[in-house]
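Derivation of every value follows stated rules applied to the coordinates shown; laboratory data play no part. Here the structure is a predicted model, which means the values were calculated and not measured. Reconstructed Cβ throughout: ideal geometry from the backbone, glycine too, with neighbour counts over all protein chains shown.
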Amino acid sequence: MTSLSSPPGDLAPPPEMRDTPLNWIKNNLFTPWYNGLITVVIALILGYFFYTFLTWSFTEAKWDVIPRNIQLFNVGRYPRSQYWRLWVLLGLICTLSGLSWGAIARNVAKLYSRNILIGIGCAVVVCLLFPVPLPNRLLLVGMTGLVVGFSWVGQQAGRKNPKFGIWVSSTWLLLFFIALWLIGGGLFLRPVSSNEWQGLMLTVLTAVVSIVICFPLGVLLALGRRSPLPIFKGLSIAYIELVRGVPLITLLFMGQVMIPLFLPDGMRPDRVIRAIVGLTLFSAAYLAENVRGGLQAVPRGQAEAASALGLSTPLVVILIVLPQALKAVIPAIVGQFISLFQDTTLLAIVGLVELLGISNSVLANPQFLGRFSEVYLYNGLLFWVFCYAMSASSRWVEKKVNTEH
Amino acid sequence: MTSQQPSTMSDQSANTSPEAVIVAKDVHKWYASNKFHVLRGVSLTVNKGEVVVVMGPSGSGKSTFIRTFNALEDYQKGTITIDGIELSHDLKNIDAIRREVGMVFQQFNLFPHLSVLQNVTLAPIWVRRKKKAEAEAIAMQLLEKVGILEQAKKFPGQLSGGQQQRVAIARALAMQPKIMLFDEPTSALDPEMVREVLDTMRSLAKEGMTMVCVTHEVGFAREVADRVVLMADGLLVEEATPKEFFNNPQHERSKQFLSQIL
Ligand SMILES: Nc1ncnc2c1ncn2[C@@H]1O[C@H](COP(=O)(O)OP(=O)(O)OP(=O)(O)O)[C@@H](O)[C@H]1O
Ligand SMILES: [Mg+2]
């Protein structure tokens, strides 16, 4: 405040901090000399692997196994005549994604920033290069268009109506049931048995359903574990510790074999449902432990302040404790979702034909014998795309909910 | 000491005037975890519009005592009546009482994931079932009163300690409580921010709010308090007007305590 303590006015501006790329390389990779040595050795090793991989993929690899089986990879033996239903579903998902994106970004001045435009461009290119027949590629581009177009609609609607966000979230819930109807049929649509739900579609379906169910279950278990009521506490601990002591594959086999034992004769739930039950019960236990960590991170004063205001215990948990707890463990929760997504590959072992299952049956085709590398690389790429998307959105959400600064 | 002091106290609380809004009689509490006898028969009566300052050495049970007034702590023996409602040991009337009693904590305890405005409107909307617009209008008035209207859209993490504590006061006031409890509201603040919070409390007292403040701010106690009580080892050892208490303390414990803080 006083002139005495104020800094002298002629302080020099900070020195230029920007580096030229060359300088950066010199400073970060080659100083001191042994760092330079390490850099060179690692570069050589990486270069060697990269070179070998590139030569292999351009000379030896026979990539035609992917485009020729692309329908199989995507949807397996789902009846061709019913593909339109999946397209409709994809269209709905894209529409709703667009609306949600717009609604979330309603306060962003420029929805289509440079980076976003680049992203859209990339998406269009990927759609155009995707190894499916030309009309389908155009349809895919159309899907991108849906996302982009409806994001604008969502932004406008979100600005006008503050309830729009709630509306969109409940539509997602509705879409979940519409999706099951579109895929499985019944009610005016030809039923498609779950034996014919296959490929990437089955992978995504089981993963999404399991994630959606295991999340609330995990939260409840975590709350139960901290409950003052011994019965809830005991049951939660018993469940969590039991499930965490068993490998997933055991649970999946038990799901396939044992669930029917517990049910009355003749009631034999669908194989896909049994698989989802196994995945869900397994992940919920791990998720509960992650959430518990978050609950412990919320200071006791938060719940006290909320109760002192007269909020009832359920409201204290829902409005004050859980939001903070979940926020603190977003990375761990999404990590759990990612491993759940990857764990769907185990379903191939219990006889479900998800992406890995269909890949194995493609590889069993004498025509494509021995194309392991190509097929598994393609699998890996797909998994990477999905998992990377999840972890990227987790980082985005984390930034979004950070209210510290 | 144990036999003498509480009896004089309960004499006072026995002649319960119709105005008494807090009547604590012979309150005993043991902490379940370590069987620690933290309150050993405390009695205190606070009348409507009174400002009572509670002082005492660290660990004497001041926080525990005032936290029994809104049932953040339970107690095992004695009675506490808040605004005519008895706070039973099994904490049955908890909701009715918490709506009437506001509390401000040493560590502010603002909800970091909610904006300042949301912090203040949360309880009116969810507990008093007010319309959002109505709650916000009241909140804005309160924020203006505590002098942080411009910060309404910010999050607690973006405010200074003094500003946060004033938001906490506004948040408690939004429930339109009859009684306000302050547990060392300025102890976590940098010295230059203490005044802005004390000023807010002072103006609240002037408006006639019934207040129980645990604080070591002697200036505040001298100027604002109607009574000062000294707590030591789970007992109220002295109860007097600020003038008597600071100039002519009666008890050894009070003299000892004052020699440390003055
Ligand atoms: N949850 C608890 N379990 C067991 N003992 C406790 C618990 N909380 C407080 N105590 C003990 O009870 C005594 C009184 O605590 P209290 O917080 O009421 O003191 P205080 O007068 O507010 O002190 P300070 O001025 O440091 O805030 C202390 O000795 C403390 O160690
Ligand atoms: Mg204290």
Q | Estimated distance in nm for a label pair at A:Ser170 and A:Phe50, the labels positioned 7 Å out from Cα along Cα-to-Cβ | A | 5.3
Q) Add -39500 (n - 2.57) for each DSSP H run of 4 or more in chain A, then divide by its residues: what number comes out at 222 nm, to the nearest 500 deg cm²/dmol? A) -23000 deg cm²/dmol
Q. When the helices in chain B are scored as -39500 (n - 2.57) per DSSP H run of 4 or longer and the sum is shared across all residues, what 222 nm value do you end up with, to the nearest 500 deg cm²/dmol?
A. -11500 deg cm²/dmol
Q: Just tell me the longest site-free run in chain A, where the sites are chymotrypsin sites (Phe, Trp or Tyr not before Pro) in a DSSP loop having at most 16 other beta-carbon atoms within 10 Å.
A: A:189-405
Q | Per-residue mean of C-beta atoms belonging to partner chains within 10 Å, peptide B:113-119 | A | 3
Q | Spherically averaged projected area of the range A:79-191 from its Cα convex hull (nm²) | A | 8.0
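Taking each full run of DSSP H in chain A as one helix, which ones are at least 18 Å long along their axis (Cα atoms) and have mean Kyte-Doolittle hydropathy of at least -1.0?
A:33-55, A:83-104, A:114-129, A:134-160, A:164-184, A:199-225, A:230-244, A:248-262, A:271-297, A:330-343, A:372-401
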Q | Amide proton proximity set for B:Leu39, modelled H, under 5 Å, gap of 5+ | A | B:Lys29
Q) Which listed residue (B:Pro112, B:Ser60, B:Ala225) has the Cα farthest towards the positive end of the charge dipole for chain B, taking +1 on Lys and Arg C-beta and -1 on Asp and Glu C-beta about the Cα centre? A) B:Pro112
**Q.** Potential lengthening between A:Arg77 and A:Trp396 on full extension [0.36 nm per residue; Cα-Cα distance subtracted]
**A.** 111.2 nm
Q. Setting aside same-chain residues fewer than 8 positions from A:Lys160, which lysines have a Cα under 18 Å from its Cα?
A. A:Lys110, B:Lys132
Q. Residue by residue through the range B:65-80, which ³J(HN,Hα) values in whole Hz follow from phi under the Karplus form 6.51 cos²θ - 1.76 cosθ + 1.60 (θ = phi - 60°), with glycine and proline marked x?
A. 4, 6, 6, 6, 5, 10, 6, 6, 10, 8, 9, 9, 9, x, 9, 10
Q. So what is the relative contact order of the range A:79-191, in percent, for Cα pairs below 8 Å that sit 6 or more residues apart?
A. 42
**Q.** Cα lying deepest toward the dipole's positive end in the protein assembly as shown, options A:Thr144, A:Ile330, A:Cys214, charges on Cβ
**A.** A:Thr144
Q. Can you pull out the GluC sites (Glu not before Pro) in the range B:195-262 that DSSP calls coil and that have at most 14 other Cβ atoms within 10 Å?
A. B:Glu207
Q. Classify the protein assembly as shown: rounded, prolate or oblate, from the alpha-carbon gyration tensor (a ≥ b ≥ c, eigenvalue square roots; a/c under 1.5 rounded; otherwise prolate if a/b is larger than b/c)?
A. prolate
**Q.** Extension gain, B:Ser160 back to B:Asn247 (0.36 nm per residue minus Cα-Cα distance, nm)
**A.** 27.8 nm
Q. Is there a simple number for the mean count of other chain Cβ atoms within 10 Å of the Cβ of residues in A:221-227, and what is it?
A. 0
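Within a 10 angstrom radius of each residue's Cβ in B:98-111, how many Cβ atoms of other chains show up on average? Whole number is fine.
That works out to 4 on average.
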Q | Cα→Cβ-extended label distance, 7 Å offset, between B:Arg222 and A:Ile178, nm | A | 7.2
Q) Which FRET efficiency value, to the nearest 0.05, do you get for B:Gln76 and A:Ile231 by plugging their Cβ-Cβ distance into 1/(1 + (r/R0)^6) with R0 = 35 Å? A) 0.85
Q. When chain A is treated as a GNM, springs tying every alpha-carbon pair under 10 Å, which of A:Ala238, A:Ala325, A:Ala109 comes out with the largest mean-square fluctuation?
A. A:Ala109
Q) Cross-link partners among lysines for B:Lys25, C-alpha distance below 18 Å, same-chain residues fewer than 8 apart left out? A) B:Lys48, B:Lys62, B:Lys77
**Q.** Cα gyration tensor shape for the range A:196-405, rounded if a/c is under 1.5, else prolate or oblate
**A.** oblate
Q.
Only bridges whose two residues both fall in the protein assembly as shown count here: according to DSSP, what percent of them are antiparallel, nearest 5?
A. 55
**Q.** From phi via Karplus (6.51, -1.76, 1.60), per-residue ³J(HN,Hα) for the range A:105-110 in Hz, x at Gly/Pro
**A.** 8, 5, 9, 7, 5, 10
